Amino acid sequence: MKKIVILLFLLASILSSAEKVTIQLPWLHQFQFAGYYVAREKGYYADAGLDVTILDAARESDAYRAVMKGKAQYGVGRSSLIVNYASGAPIVLMAAVFQSSPMMLLTREDANIRSAKDLKGKRVMLTGDTVAGAEMQAMFRSAGILPSDLRLQPHSYDPRSLERNETDAMVAYLSNEPFILKKAGVETYAIDPKEYGFDYYSDILFTTRGEIDRHPERAEAFYEASMRGWLWAFEHIEETAELIYRHYNPQNKSLEALIYEGKVLRDLAFRPNVSFGSIDPVRLEMVAQGYRLMGVVKSIPSFDPLLFKHNTPHLTVEEKAWLKAHPIIRVGIDHNWFPIESVDQNGRHFGISASYLSLLEKRLGVRFEIDYSRRLWSDTVKAIEDKELDMLSRAAVTDKRQNSLVFSRPYLKQSIVVVANSDVGYVNDLGDLEGKRVAVVRSYATEEILRDRYPKIIPVMADSSLEALKKVSSGEAYACIDALGVVSYLIERHGIRHLKVVGETPYQFELAFAFREDWGMLASIADKMLASLTPAEYEEIHGRWLVMEHDDPINYRLVWGIVGFAALLFILIAYKNRRLDVLVRQRTDELESFNARLQEEIEKAVEKNRKQEKLLMQQAKMAEIGSMLESIAHQWRQPLNILGLSMTRLSLSCSIGGAQDASKVIEIAEAQIQYMSQTIDDFRNFFKQDRSQIPVNIDAMISDVESLLGPLLVRKRIVIKREIDPSIEVLVYPNELKQVLINIINNAREAIEHHRGEEKVITVRCESNERYCTISIEDTGGGIPPEIVDKIFDPYFTTKFESQGTGIGLYMAKTIIEKHFLGKLSVYNATKGACFEIRLNRAPQDHSDTPAQNGALPNRSGSSS
């Protein structure tokens, strides 16, 4: 009994020592705030020394007011926080949970309210912070609606208010009310500010400047625990929904509704190449411009003091104590996996993993003792399982390893590819290798993949990646599978020119720090360090290992041997040619008369083909204009709205003699006009004549294409993922290549829309060697039916309705790549969709005989005579 009392006393002491903080939410409990619930229930706040109270809108719906009055230290707000900041409020924005706002106005489908204009004289339910919010006000102003034109109602927080006809429209979230009402049999219609060009951040975590200044460690701890909770919530949506269903469900939502809400919000929380929760000052300034035009704010201050700086990882008392108790950590490495990691000629550990270890060592104040005694990776893996080592500098995360090791979050991903002799054709799937001998490195994740998932493939064990490649080179193995970056380096570095990458697998090495199973504390610490890395630090670590050096000595004996052989071959050919000369002359006379007759027929056929190609090229060009014009319409919508607001404000200023205010409005309008002018330049450059090949940066060209098609992709929530070395350039006619890329990416977009799968990703990769530059565009649109895959490049073949496609886009793309660039365009079905592969020659090509030089292409020659 005494022991129980003592334990309870100790527990109470621990709880009382935690710092008490409160966060105020702007709505009732639901998945919208899942990250904070997870941080509390999973103990992330407790680990950070915090006792957090989470208040929903049952008593207080204005989070800004609650924080400023000291009722809460942290709050969740919307873009209207910018107005508070511009008015002098000492607030700090910590994170934007949703990069795109789920907020919209919801009406009944049968009410026939289809636009903001239709709301004039209607009953509209708004919350306190949305009455003056930028999104709603900007949308109303752009539609010519004033607050006095609406019959405003306080929000009931009950979506059934629409069902009972208690209101005509209510502010709602895309992830919530539409689903609930549909389940109740009520069809709804959304009036979305994004359709009017206003796409702002939402659910912004904020606090006061006083909290940051007086309690910097507490603020950092609260931020990190909250972000950790959000990431876990979105990675485990169903489990999180169950937690909310049991403990945070005042609205009595169904589990199905909560899961749906989580999936919709996950799409709004993540954007490509944008870290979770980040806030871009440029987007904040655009929001502020809208407020300024509405006259809500007079000037736009600097946003630097507004944003929270959180680069230094915060360690708990327990974590600091753990590091102090473990000042030396034994690390196992791989001796032969450059550029990921290796051992140099001086016996020192180097590579990407070594750079991460060095940074970790400096930040944590510990010493990593590198184990050089075990040269084989299999021995190193066994040593950490036996606790003879404490951690591995890098290891691929696999299901089996997670049973005996603890992993940090991955810091590097490497595609696993198939390498074989150059005479081997493309390997579409690992199943194509059944019955063949495939080399893998012993104890690598690739061995686990083969043994568990492809038992009919015969594994050939090697002790290093180089040894695996040599087994393929010698014929002992048909192929090997390993990391793309590693095999590319080894093939180049060791001159194994007759080997090549012949296929890509659906697997990746997800490389992370691996720790012995009883060292979970260090894994948590490593996660915090990795999360605190800045983009500059990331680039510094990864960028330094991109350059390959060629320092092999020249074999002059071999060179002179080749020269001598070439001279002997030349003499033999000259002698042979002399004997053939007489025979050639006789044949020439006979052929000249025959050629004269053929020439006339050929010229007629060529002229006919040129006219046909010109027509097809014009049709293909026009086919792309539709998508580009639709994209431009979306790009112009927001600047036009701002210009409209500017003119309204200018007219008002002039009528009351506000010359100074009018000048500021004109500056804003000029900036928007300049943006629209740049859009026109981008559109016009698409039709600019290419008179010669020029070096084109592939990454920059993909950016151009993404900017042209971006609004269409964003509207359908389709993400373009890049795996491109920013330094790759190739000599091409830029606008022709851009036309091909637009066509293929547009087709990928349409395939994804038609497929309606959960994953909406277009992956663009680019690989380059001395001879070729290969661009691959892979989608998740379900792939091309096998019965038509051989027909899709045929002219006028289309799977779309007649009004939606001409069937010439891919035909002209293939013509441009293979006839004008002398390259190759092919397609195959990947794991989740189709993959188009463009192979371009690195050296400039002679196009003297192609239509590109004789005026056949209207986009270069100007006229089409």
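I need the full set of residues from segment 62-76 which are touching a helix residue (DSSP H, G or I) at 6+ places or on another chain (Cβ under 7 Å) and open to solvent by 40 Å² or more (accessible area, probe 1.4 Å), in order please.
Hits for segment 62-76 are Asp62, Tyr64, Gln73.
Given the condition modelled with pLDDT of 70 or more, closer than 30 Å to Glu388 by Cα, more than 25 Å from the chain's Cα centre (by Cα) and not in a helix (DSSP H, G or I), answer yes or no: does some residue in segment 505-515 qualify?
Yes, segment 505-515 contains a residue that is modelled with pLDDT of 70 or more, closer than 30 Å to Glu388 by Cα, more than 25 Å from the chain's Cα centre (by Cα) and not in a helix (DSSP H, G or I).
Would you be able to say whether some residue in segment 331-339 is over 30 Å from Glu19 (Cα atoms), at pLDDT 85 or above, open to solvent by 10 Å² or more (accessible area, probe 1.4 Å) and touching a Ser or Thr at 6+ places or on another chain (Cβ under 6 Å)?
Within segment 331-339, one or more residues are over 30 Å from Glu19 (Cα atoms), at pLDDT 85 or above, open to solvent by 10 Å² or more (accessible area, probe 1.4 Å) and touching a Ser or Thr at 6+ places or on another chain (Cβ under 6 Å).
Filtering segment 343-371 down to residues that are crowded, with 20+ Cβ neighbours inside 10 Å and of a type in the set (Ser, Thr, Tyr), which residue is farthest from Glu319 (Cα to Cα)?
The extreme case among them is Ser353.
On the basis of being over 26 Å from Glu238 (Cβ atoms) and open to solvent by 20 Å² or more (accessible area, probe 1.4 Å), does Asp51 make the cut?
Numbers: over 26 Å from Glu238 (Cβ atoms): yes; open to solvent by 20 Å² or more (accessible area, probe 1.4 Å): yes.
Considered against the rule, which asks whether it is over 26 Å from Glu238 (Cβ atoms) and open to solvent by 20 Å² or more (accessible area, probe 1.4 Å), Asp51 comes out as yes.
Do any strands (runs of 3 or more DSSP E) lying entirely in segment 25-103 carry at least 1 residues that are of a type in the set (D, E, K, R), and which ones are they?
Numbers: elements: 50-55, 74-77, 91-98.
Output list reads 50-55.
Mind checking whether some residue in segment 454-473 is of a type outside the set (Val, Ile, Thr), open to solvent by 10 Å² or more (accessible area, probe 1.4 Å) and on the phi > 0 side of the Ramachandran plot? Reasoning before the result, please.
Here is the first cut: in segment 454-473, the residues of a type outside the set (Val, Ile, Thr) are 454-456, 459, 461-471, 473.
Then drop every residue that is not open to solvent by 10 Å² or more (accessible area, probe 1.4 Å), which leaves 454-456, 459, 461, 463-464, 466-467, 470-471, 473.
Now narrow it down to the ones that are on the phi > 0 side of the Ramachandran plot: none.
Within segment 454-473, none of the residues are of a type outside the set (Val, Ile, Thr), open to solvent by 10 Å² or more (accessible area, probe 1.4 Å) and on the phi > 0 side of the Ramachandran plot.
Residue by residue through segment 516-544, note down the ones that are of a type in the set (Phe, Trp, Tyr) and modelled with pLDDT of 75 or more.
So in segment 516-544, the residues of a type in the set (Phe, Trp, Tyr) come out as 519, 538.
Across segment 516-544, the qualifying residue is only Trp519.
Pairs needed: first member in segment 477-491, within 17 Å of Glu448 (Cα to Cα); second member anywhere, among the aromatic types (Phe, Trp, Tyr) and crowded, with 20+ Cβ neighbours inside 10 Å; C-beta distance under 8 Å; at least 6 residues apart or different chains.
Short answer, once both residue conditions are applied: Asp482/Tyr444; Ala483/Trp337; Ala483/Phe509.
Within segment 337-350, can one find any residue that is farther than 30 Å from Pro506 by Cβ and in contact with an Asp or Glu (Cβ under 8 Å, 6 or more places away or on another chain)? Break it down stepwise before answering.
The first filter runs over segment 337-350 and keeps only residues farther than 30 Å from Pro506 by Cβ, leaving 343-350.
Adding the requirement that they be in contact with an Asp or Glu (Cβ under 8 Å, 6 or more places away or on another chain) leaves 349-350.
Yes, that holds for at least one residue.
If you scan segment 312-369, which residues turn out to be basic (Lys, Arg), in contact (Cβ under 8 Å) with a residue 40 or more places away in the chain and not in a helix (DSSP H, G or I)?
Hits for segment 312-369 are Arg330, Arg367.
May I ask you to list the residues in segment 408-444 that are surrounded by 15 or more Cβ atoms within 10 Å (Cβ to Cβ) and assigned to a helix (DSSP H, G or I)?
Passing the criteria: Leu430, Asp432, Leu433.
For segment 241-272, what are the residues that are more than 17 Å from Tyr36 (Cβ to Cβ), without any contact (Cβ under 8 Å) to a residue 40 or more places away in the chain and in contact with a helix residue (DSSP H, G or I) (Cβ under 6 Å, 6 or more places away or on another chain)?
Result: Leu255, Ile259.
Would you point out which residue out of Lys500, Lys436 is more than 25 Å from Asp379 (Cα to Cα) and in contact with a helix residue (DSSP H, G or I) (Cβ under 9 Å, 6 or more places away or on another chain)? If you could, list the steps in order and put the result at the bottom.
Values: Lys436 fails: in contact with a helix residue (DSSP H, G or I) (Cβ under 9 Å, 6 or more places away or on another chain).
None of the other options fit; the residue is Lys500.
What's the total number of residues in segment 674-720 that are modelled with pLDDT under 65 and of a type in the set (A, V, I, L, M)?
Of the residues in segment 674-720, the ones modelled with pLDDT under 65 are 674-691.
Filter once more, keeping what is of a type in the set (A, V, I, L, M): 676, 680.
Residues flagged as modelled with pLDDT under 65 and of a type in the set (A, V, I, L, M) within segment 674-720 amount to 2.
Name the one entry in Lys456, Lys470 that is assigned to a loop (DSSP other than H, G, I, E, B), out of contact with any helix residue (DSSP H, G or I) (no Cβ under 6 Å at 6 or more places or on another chain) and basic (Lys, Arg).
Numbers: Lys470 fails: assigned to a loop (DSSP other than H, G, I, E, B).
The unique qualifying residue is Lys456.
Just wondering, is there one or more residues in segment 166-178 that are at pLDDT 90 or above, in contact with a His (Cβ under 8 Å, 6 or more places away or on another chain) and over 17 Å from Val52 (Cβ atoms)?
Yes, there is a match, as at least one residue in segment 166-178 is at pLDDT 90 or above, in contact with a His (Cβ under 8 Å, 6 or more places away or on another chain) and over 17 Å from Val52 (Cβ atoms).
Just to confirm my filter: which strands (runs of 3 or more DSSP E) fall fully inside segment 684-780 and include at least 1 residues that are surrounded by fewer than 20 Cβ atoms within 10 Å (Cβ to Cβ) and of a type in the set (A, V, I, L, M)?
Values: elements: 694-697, 719-724, 729-732, 761-768, 772-778.
Counting at least 1 such residues, we get 694-697, 719-724, 729-732, 761-768.
At pLDDT 90 or above and over 30 Å from Phe303 (Cβ atoms): does that describe Asp149?
Criteria not met by Asp149.
Out of everything in segment 124-138 that is crowded, with 20+ Cβ neighbours inside 10 Å, of a type in the set (A, V, I, L, M, F, W, C) and closer than 16 Å to Ser148 by Cα, what residue ends up being modelled with the lowest pLDDT?
Checked segment 124-138; the qualifying residue modelled with the lowest pLDDT is Ala138.
Are any residues in segment 60-100 of a type in the set (Val, Ile, Thr), modelled with pLDDT of 90 or more and more than 16 Å from Val21 (Cα to Cα), and if so, which ones? Explain how you work it out, then say what you get.
Taking segment 60-100 and keeping what is of a type in the set (Val, Ile, Thr), we get 67, 76, 82-83, 91-92, 97.
Going one step further and asking which of them are modelled with pLDDT of 90 or more, we end up with 67, 76, 91-92, 97.
Answer for segment 60-100, where residues must be of a type in the set (Val, Ile, Thr), modelled with pLDDT of 90 or more and more than 16 Å from Val21 (Cα to Cα): Ile91, Val92, Val97.
List the residue pairs whose Cβ atoms are under 9 Å apart, where the first residue sits in segment 39-65 and is free of Cβ contacts under 8 Å to residues at least 60 places away in the same chain, the second is of a type in the set (Asp, Glu) and open to solvent by 40 Å² or more (accessible area, probe 1.4 Å), and the two are 6 or more positions apart or on different chains.
Asp51/Glu19
For the subset of segment 223-269 comprising residues that are of a type in the set (Gly, Ala, Ser) and more than 25 Å from Tyr200 (Cβ to Cβ), which member is modelled with the highest pLDDT? Explain how you work it out, then say what you get.
Start the filter on segment 223-269 by keeping residues that are of a type in the set (Gly, Ala, Ser), which leaves 225-226, 229, 233, 241, 254, 257, 262, 269.
From what's left, more than 25 Å from Tyr200 (Cβ to Cβ): 225, 241, 254, 257.
On the way: Ala225: 91, Ala241: 96, Ser254: 92, Ala257: 91.
For segment 223-269, the residue satisfying everything is Ala241.
For the structure I just gave you, tell me whether Ala477 is crowded, with 21+ Cβ neighbours inside 10 Å, among the small types (Gly, Ala, Ser) and assigned to a helix (DSSP H, G or I). Break it down into steps so the answer makes sense when it comes.
On the way: crowded, with 21+ Cβ neighbours inside 10 Å: yes; among the small types (Gly, Ala, Ser): yes; assigned to a helix (DSSP H, G or I): no.
It is false that Ala477 is crowded, with 21+ Cβ neighbours inside 10 Å, among the small types (Gly, Ala, Ser) and assigned to a helix (DSSP H, G or I).
The values are calculated or read from the model by the stated rules, or taken from the named source; none is laboratory data. Here the structure is a predicted model, which means the values were calculated and not measured. Positions of Cβ are generated from backbone atoms using ideal geometry, with glycine treated the same way; all protein chains shown enter the neighbour counts. Side chains are part of the model used for accessible areas, which takes the heavy atoms of the whole protein and leaves out ligands, DNA and RNA. Shrake-Rupley method; radii C 1.70, N 1.55, O 1.52, S 1.80 Å.
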